[in-house]
1. What number of residues in the range 421-476 are assigned to a loop (DSSP other than H, G, I, E, B) and at negative phi?
2. Take residues that are of a type in the set (Phe, Trp, Tyr) and either surrounded by fewer than 19 Cβ atoms within 10 Å (Cβ to Cβ) or modelled with pLDDT of 95 or more (or both) and tell me which of the strands (runs of 3 or more DSSP E) falling wholly in the range 118-209 contain 3 or more.
3. Do you know which of the residues in the range 484-510 that are in contact with a Leu (Cβ under 7 Å, 6 or more places away or on another chain) and surrounded by fewer than 18 Cβ atoms within 10 Å (Cβ to Cβ) is farthest from Tyr471 (Cα to Cα)?
4. How many of the residues in the range 233-267 are assigned to a strand (DSSP E or B) and either farther than 16 Å from Leu305 by Cβ or more than 17 Å from the chain's Cα centre (by Cα) (or both)?
5. I'd like to know if the range 58-80 contains one or more residues that are closer than 26 Å to Thr357 by Cβ, in a loop (DSSP other than H, G, I, E, B) and charged (D, E, K, R).
6. Could you say whether any residue in the range 182-201 is closer than 22 Å to Ala73 by Cα, without any contact (Cβ under 8 Å) to a residue 12 or more places away in the chain and outside the structural domain of Gln448 (by TED's automatic domain parsing)?
7. Go through the range 436-481 residue by residue and tally those that are over 29 Å from Trp358 (Cβ atoms) and surrounded by fewer than 22 Cβ atoms within 10 Å (Cβ to Cβ).
8. Go through the range 49-78 and give me each residue that's hydrophobic (A, V, I, L, M, F, W, C) and farther than 16 Å from Leu244 by Cβ.
Amino acid sequence: MNPITITAEAPGQTELLTEEALAFIAELVRTFKPERDRLLAQRQERQAELDAGALPDFLPETKAVRETDWQIAGLAPEAVDRRIEITGPVDRKMIINALNSGAQVFMADFEDSLAPSWENVIAGQANLRDAVAGSIEFDDGAGKHYRLGPEPALLMVRPRGWHLPEAHLRVDDEPVPGALLDFGLFLFHNHAELVRRGAHAFFYLPKLEHYLEARLWNEVMAWSERRLGLATGFAKVTVLIETLPAAFQMHEILYELRDRIQGLNCGRWDYIFSYIKSLRSKPEYLLPDRAQVTMDKGFLKAYSLLLIQTCHRRGAMAMGGMAAQIPIRNDERANREALDKVRADKSREAGDGHDGTWIAHPGLQAIARAEFDRVLEGPNQLHVLREDVHVSAADLLRPIEGTITEAGLRGNIRVALLYLSAWLGGNGCVPIDHLMEDAATAEIARAQLWQWIRHPQARLEDGRKIDVALYESLRDEILVGLADAANPQQAMLLVQAAGLLGRLTLADDFVPFLTLDAYPIIC
């Protein structure tokens, strides 16, 4: 059997990639990569069926799972109150600030908010090891020192999705799945300390498209628990429902992970992207400007209510979605308007029955908490069964009416260029125009551009057709303006980003994930 090979170097990797850790990762990969590869191939087959005219629907073969009574194994005692969860990349300063933010949970992210350079991946694992040990500290070089407070948030880790490879670690001459590396290294290096504290290892699982993908995660975790001598259910999970196919399989996903699952989360931005991606060949499902696609309308409202009903029926937590707004320090009126949007969104979630919500900035913690504190009588709302909710397959597909404006078109191009240039420069979580953008929101921008160009029905509100010429004209104008205001390094990255965006937007076939196309550039 070929040796394990590491094709890059990063500070601290020898402490993490020990002989024992690499052996554990190699076993994981050899045991589970074949099934992972098979399931990814099935994704392509299902998309081909949608492109040929099919529509997503509830699965007839799993009707009994949806209609019979059963419950998940139960909630971990340290995770019954999750009203505020803050998320962000595995940057050292970010980890300390998030753990000290006053939120109940910090989701440390190897996925949408991390540009997965080898240096970032290795540094992230080292940072989380120190966070679990309680020894993480950081000096900013300007005299400010950061360390953990006395009551840090509960740490949860989001590994990369099944589709993303890790090019810098190879087993049997093939890149390992990023998901198995992120999960495996964290569990291997931190399980002993967590056991010593009587705690669990918590994970957020992204971008599942089928209950069999959830089954694979359960098998990975059960195998890892046996291999490391851990109790069954030591690894706890929450699943993001952020793909359109998964919305039709929420009961099934909970069932497959029933011995360890804690809840489901409305991953709204990726969900909007998945809606566009899944229904891309069908003009009747075109969406308007991103700003008009809100959670109180159409398919988004239906999916949110169904998630609450499904989770609470099974004894699982129903988590709300991300507030992308960030505080605006230099404009009081704009800041007030942004915070009012956050307040209204969190009020809706709490009133509908969600058990908690996501924020991207510590400055939103008090506002979000107030809305949930106002409604919650205990640590969660599991008693809110929402038996009044009746969601059909058509409801989960219902488009949102609105307009496509030149401002919306320009905004998509601007966000895509700025985010992609930052990502190529090593930063996967970027404030743009007072919103915290990550890969999910950039995916919406470039997916809408691709779809609007392809369908004659997609016209600006003034009647103009959105074609390649209009796109390229606006892109060039926006690129020049951004580059003129940038330093030479940023300008070079913007030019690279424009080339990448062109390939994504003008390709005949839709590229499933922009990170797959962008990843080779940073390898």
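The values are calculated or read from the model by the stated rules, or taken from the named source; none is laboratory data. What you see is a predicted model, and the numbers here were worked out from it, not measured in a lab. Please note: Cβ atoms are built from the backbone with ideal geometry, for glycine as well, and neighbour counts cover all protein chains shown.
1. In the first step, residues of the range 421-476 are kept if they are assigned to a loop (DSSP other than H, G, I, E, B); the result is 425-429, 433-434, 438, 455-458, 461-464, 466-467.
Pick out the ones that are also at negative phi and you get 425, 427-429, 438, 455-458, 461-462, 464, 466-467.
Here the count works out to 14.
2. Working: elements: 137-139, 145-147, 154-158, 165-171, 174-177, 201-205.
Of the strands (runs of 3 or more DSSP E) lying wholly inside the range 118-209, those with at least 3 residues that are of a type in the set (Phe, Trp, Tyr) and either surrounded by fewer than 19 Cβ atoms within 10 Å (Cβ to Cβ) or modelled with pLDDT of 95 or more (or both) span 201-205.
3. Of all residues in the range 484-510, those in contact with a Leu (Cβ under 7 Å, 6 or more places away or on another chain) come to 486, 493-494, 496-498, 500-501, 504-505.
In the following step, the residues that additionally are surrounded by fewer than 18 Cβ atoms within 10 Å (Cβ to Cβ) were identified as 486, 496.
Values: Ala486: 22, Gln496: 17 Å.
Across the range 484-510, the extreme among qualifying residues is Ala486.
4. Applying the first criterion (assigned to a strand (DSSP E or B)) to the range 233-267 yields 235-241, 261-266.
Okay, now just the ones that are also either farther than 16 Å from Leu305 by Cβ or more than 17 Å from the chain's Cα centre (by Cα) (or both), so 235-240, 261-262.
Residues in the range 233-267 being assigned to a strand (DSSP E or B) and either farther than 16 Å from Leu305 by Cβ or more than 17 Å from the chain's Cα centre (by Cα) (or both): 8 in total.
5. No; the residues of the range 58-80 include none that is closer than 26 Å to Thr357 by Cβ, in a loop (DSSP other than H, G, I, E, B) and charged (D, E, K, R).
6. Looking for residues that are closer than 22 Å to Ala73 by Cα, without any contact (Cβ under 8 Å) to a residue 12 or more places away in the chain and outside the structural domain of Gln448 (by TED's automatic domain parsing), one finds at least one in the range 182-201, hence yes.
7. Residues meeting the conditions: 28.
8. First, the residues of the range 49-78 that are hydrophobic (A, V, I, L, M, F, W, C): 50, 52, 54-55, 58-59, 64-65, 70, 72-73, 75-76.
The answer is Ala52, Ala64, Val65, Trp70, Ile72, Ala73, Leu75, Ala76.
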